[in-house]
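Below is one structure, written out as structure tokens; comments come after it.
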Amino acid sequence: MKRDSMSKTVIVTGGAGFIGSNFIFHINKTYPEYKVICVDKLTYAGNLSTIESLLSEEKFQLEILDICNRDGIYELFRSTQPDIVVNFAAESHVDRSIDNPEVFLETNIVGTSVLLDACRKYGVGRFHQVSTDEVYGDLPLDRPDLLFTEETPIHTSSPYSSSKAAADLLVLSYGRTYGLPVTISRCSNNYGPYHFPEKLIPLMITNALNNKSLPVYGTGENIRDWLYVEDHCRAIDLIIHNGKIGEVYNIGGNNEKSNIEIVKIICRALKKDEDLIKFVEDRKGHDLRYAIDSTKIMRQLAWRPQVEFEDGIRKTIQWYVDHQDWWKDILSGEYVKKNDWIIETKLKMER
Ligand code: NAD
Ligand code: DAU
């Protein structure tokens, strides 16, 4: 039986990771009548302590499931009849993709195709693919006038970005061939709470708090466009509710900073000596600059970033200062045991 339009069932894949968990918190707060089903395989990047507070909520369901597991995904779609699917689940770290591309192809491409097939088989109101600005490759450092638009050709640099681009093409093809109601968003670098401490901002904050060296790749001149994670979540909310089927939307913070600037901001905020900064070997194929033109989503869906970088980075640094258990458990590996404990106790009790 289909629910009335007020109460939707939303499958959020990758909801135990950084952006997926923030998105679940956003949906939970904004649409308390929605049922959210978090699908997560719990790779090294999945952390149940992030979403532990939701486990006892009636409108929240957790499924420990690999998006590549076709039978498991089909059974979940059959039994829950989702209205909306938002696919965050991915291998997301560029450096890991350079060391070992295979799992990126599995999860990011095959996993996305399994979800698309499930949508086709059981019907869905919307499939939204959370993609990245990295599918456009990079821009030169000396052309600040150039920005990525939705028309910029796909031109990838790493196995990670190639796998995300392949997934985007599959999503668009399912839209055209099968009439599946799909949308895609391509966002710039996010930062905020629950960001795994292997990525630039959380790595630098946690290393600085531990008085460890701050490894900056190459010269530190590479530029990223930083967006507070809640602004990304608000943009996806607008797209899944009001976005046009078949469209791609760029999402950016209009906030370009070089890596070395970011690291120095963190040093200053934490009153740490810049001597901690160590220039190390560059990333292979390192993209120089990302910069997003978000005109389309601003004009069509009235989206605007609401968090200024100065506020966002201050809040983020403070969050890591205040939540040392969260990231220290990750650094020690304790979070894996906690994941198992949560599954054994809370999850089994709920069922
Ligand atoms: P993350 O690595 O923090 O989280 C990924 C989550 O997906 C984890 O919980 C992990 O356990 C889960 N997962 C991985 N493989 C899975 C599988 N096979 N089946 C089910 N679950 C699986 O990633 P993130 O930074 O939150 O990124 C989320 C999405 O947003 C990704 O698709 C990424 O490409 C995209 N994105 C990220 C950024 C960014 O700055 N972090 C920017 C733009 C787009
Ligand atoms: O642009 C969106 C993308 O942003 C997402 O699609 C990816 O999932 C996400 O991981 C992120 O990719 P980046 O490669 O830009 O993020 P990362 O935090 O790994 O690196 C940011 C920049 O900092 C990049 O130029 C490399 C540099 N860097 C990174 C690390 C981990 C360092 O100089 N030192 C480091 O130790």
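Every read-out reported here was derived from the displayed coordinates using simple, explicitly stated rules and does not represent laboratory data. Keep in mind it's a predicted model, so treat the numbers as computed, not measured. FYI the Cβ positions are ideal-geometry reconstructions off the backbone, even for glycines, and counts take in every protein chain you see.
The orientation-averaged projection of the convex hull spanning the C-alpha atoms of the stretch 194-326 amounts to 9.1 square nanometres. In the stretch 53-194, one over the average inverse separation of all distinct C-alpha pairs is 16.5 Å, which is the Kirkwood hydrodynamic radius. Across the stretch 47-62, computed HN-Hα scalar couplings (Karplus, 6.51 cos²θ - 1.76 cosθ + 1.60, θ = phi - 60°) run 9, 6, 5, 4, 10, 4, 5, 8, 4, 8, 7, 4, 8, 10, 10, 10 Hz from first to last residue, x flagging Gly and Pro. Residues whose amide H falls under 5 Å from that of Asn255, counting only those 5 or more places apart or on a different chain, are Trp226, with hydrogens built in the peptide plane. To the nearest ten degrees, helix 70-80 and the longest principal axis of the Cα atoms of the chain are 60 degrees apart. Over the chain, the fraction of Cα-Cα pairs per 20 Å bin, rounded to whole percents and listed from the shortest bin up, is 30, 61, 9, 0. Among 117-123, 318-324, 80-86, 195-201, sorting by the average number of other beta carbon atoms lying within 10 angstrom of each residue, highest first, gives 80-86, 195-201, 117-123, 318-324.
Under 23 Å Cα-Cα from Lys264, which lysines qualify once same-chain neighbours fewer than 8 residues away are excluded? Straight-line reach from Lys264, under 23 Å: Lys199, Lys212, Lys272, Lys278, Lys315, Lys328.
Taking every DSSP beta bridge with both residues inside the chain, roughly what % is antiparallel (nearest 5)? The answer is about 10 percent antiparallel. Close amide H contacts of Phe279 (hydrogens built in the peptide plane, cut-off under 5 Å, sequence separation of 5 or more or a different chain): Val216. If you run the Gaussian network model on the chain, springs between alpha carbon atoms under 10 Å, then out of Asp142, Asp168, Asp282 the most flexible one is Asp142. Using the average count of surrounding beta-carbon atoms within 10 Å as a protection proxy, the listed peptides 130-140, 338-348, 55-65, 288-298 rank, highest first, as 130-140, 288-298, 55-65, 338-348.
Scalar couplings 3J(HN,Hα) for the stretch 28-42, obtained by applying the Karplus form with A = 6.51, B = -1.76, C = 1.60 to θ = phi - 60°, are 4, 6, 7, 10, x, 7, 6, 9, 10, 10, 8, 10, 8, 7, 6 Hz; x denotes Gly and Pro. Between 0 and 90 degrees, the angle of helix 309-322 with respect to the longest Cα principal axis of the chain falls at about 80 degrees.
Between Lys328, Lys244, Lys271, find the one with the highest GNM mean-square fluctuation for the chain; connect C-alpha pairs within less than 10 Å. Sorting by GNM fluctuation, first place goes to Lys271.
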